[in-house]
Amino acid sequence: MLGRRGSLRFLAVPPFAWLIVLFVAPLLLAILISFRAERGPIDFGSLLQASTVQYEKIVGTPSWLRLLATSAGMALLVAALATLFAFPIAYFLAFRARHRAPIFLILLLVPAATSFLLRVMAWKVLLGGSGAINSFLIWIGVIQDPIGLLLYSQAAVVITLIYVWIPFAALPIYAALQRVDRSHLEAAADLGAGPWSRFWRVTVPLSLPGVLATLFMVFIPTVGEYVTPFLVGGTDGFMYGLLIQDFFSRAGNWPLGSALAVIMLLVTVALVAVALRVVDLRRAVA
């Protein structure tokens, strides 16, 4: 019979195999394709003929790099606001909902059961010139004409992505808050700390691992987002992921699209590494 260590290794084999097949192998293939000099049929021989032509094109096109910087800034804003708005929800579930927490948690995740495209299109209707938001503002007399910035803009992309991410952003924070030892709060109360003091000096520091996990969980995929900008962003809300998608689909230039994706990956990993170095995750988790 297999020992405990052997059983763990046996159970770990399928996940690692899927990780290699579905993540590592495609990533390596994209890196190899990015070093092709020209578009065209892909064969094993052409993959071995490395060239930096595609990367030279990217470096020689500052507008693409500026678009990457803009997308990273928008992703950081979305991550920060989604985390900020998700924190009260997670706090309510952890400290106030009590035995009703599972019910509220299910209700929080119900929108995720619907199509992602349907949720984004719903915001397109809400933010439109004749949508619910503009119609309500006109009805109460706040504005006279529809606000055009609500749709086909960076603001529309940010608002929609925040809405999409809030339910998922609340989960890591909720998990971190559940691990907060209630005796710490009781000890702080015995020492004379009020509710706000206990919140800022005990609850928030102990929840930092969940907050940081949420920031990274939202930031990393949002940098390469292309569906939401395509539907509600227009030309003003164009993001880097749309550029990659255009080269893969419309232009059919897989080498250049792969090179753009590799650069995005490197920049994202570098930003996360710098953030971890600045924040000192080990001290936050301790």
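Brief remarks follow.
- ILE138 vs. criteria in a helix (DSSP H, G or I) and crowded, with 16+ Cβ neighbours inside 10 Å: no
- Hits in the stretch 75-95 - residues which are within 29 Å of GLY233 (Cβ to Cβ), without any contact (Cβ under 8 Å) to a residue 60 or more places away in the chain and not aliphatic (A, V, I, L, M): PRO88
- Pair list, Cβ under 8 Å, 6 or more apart: the stretch 253-275 residue free of Cβ contacts under 8 Å to residues at least 60 places away in the same chain, other residue β-branched (Val, Ile, Thr) and surrounded by fewer than 19 Cβ atoms within 10 Å (Cβ to Cβ): VAL272/ILE220
- Verdict on ALA169 being hydrophobic (A, V, I, L, M, F, W, C), assigned to a helix (DSSP H, G or I), modelled with pLDDT of 90 or more and closer than 18 Å to ALA80 by Cα: yes
- Selection from the stretch 210-256 of residues that are among the acidic types (Asp, Glu) and either surrounded by fewer than 21 Cβ atoms within 10 Å (Cβ to Cβ) or not in a loop (DSSP other than H, G, I, E, B) (or both): ASP236, ASP246
- Tabulated pairs, the stretch 198-212, first more than 13 Å from PHE87 (Cα to Cα), second modelled with pLDDT under 90 and in a helix (DSSP H, G or I), C-beta under 6 angstrom, 6+ apart or interchain: ARG198/LEU185; ARG198/ALA188; VAL202/HIS184; VAL202/LEU185; VAL202/ALA188
- Of everything listed in (1) over 30 Å from the mean Cα position of the chain (by Cα); (2) under 30 Å from LEU68 (Cα atoms), the single unmet condition for ILE173 is (1).
Yes/no per residue for (1) out of contact with any helix residue (DSSP H, G or I) (no Cβ under 7 Å at 6 or more places or on another chain); (2) assigned to a helix (DSSP H, G or I); (3) within 26 Å of ASN253 (Cα to Cα):
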{"site": "SER51", "(1), (2), (3)": "yes, no, yes"}
{"site": "GLU56", "(1), (2), (3)": "yes, yes, yes"}
{"site": "LEU68", "(1), (2), (3)": "no, yes, yes"}
{"site": "LEU76", "(1), (2), (3)": "no, yes, no"}
{"site": "PRO88", "(1), (2), (3)": "yes, yes, no"}
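- Test: residue in the stretch 190-209 that is within 17 Å of the chain's Cα centre (by Cα) and surrounded by 13 or more Cβ atoms within 10 Å (Cβ to Cβ): yes
- Some residue of the stretch 99-121 being closer than 23 Å to ALA213 by Cβ, crowded, with 19+ Cβ neighbours inside 10 Å and either modelled with pLDDT of 85 or more or not aromatic (Phe, Trp, Tyr) (or both): yes
- Residue within the stretch 152-170 that is of a type outside the set (Phe, Trp, Tyr), surrounded by fewer than 17 Cβ atoms within 10 Å (Cβ to Cβ) and closer than 19 Å to PRO229 by Cβ present: no
- Some residue of the stretch 115-125 being closer than 18 Å to ALA169 by Cα, in a helix (DSSP H, G or I) and aliphatic (A, V, I, L, M): yes
The values are calculated or read from the model by the stated rules, or taken from the named source; none is laboratory data. Note that this is a predicted model, so its numbers are computed, not measured. Using ideal geometry, Cβ is built from the backbone for each residue, glycine included, and neighbour counts are taken over all protein chains shown.
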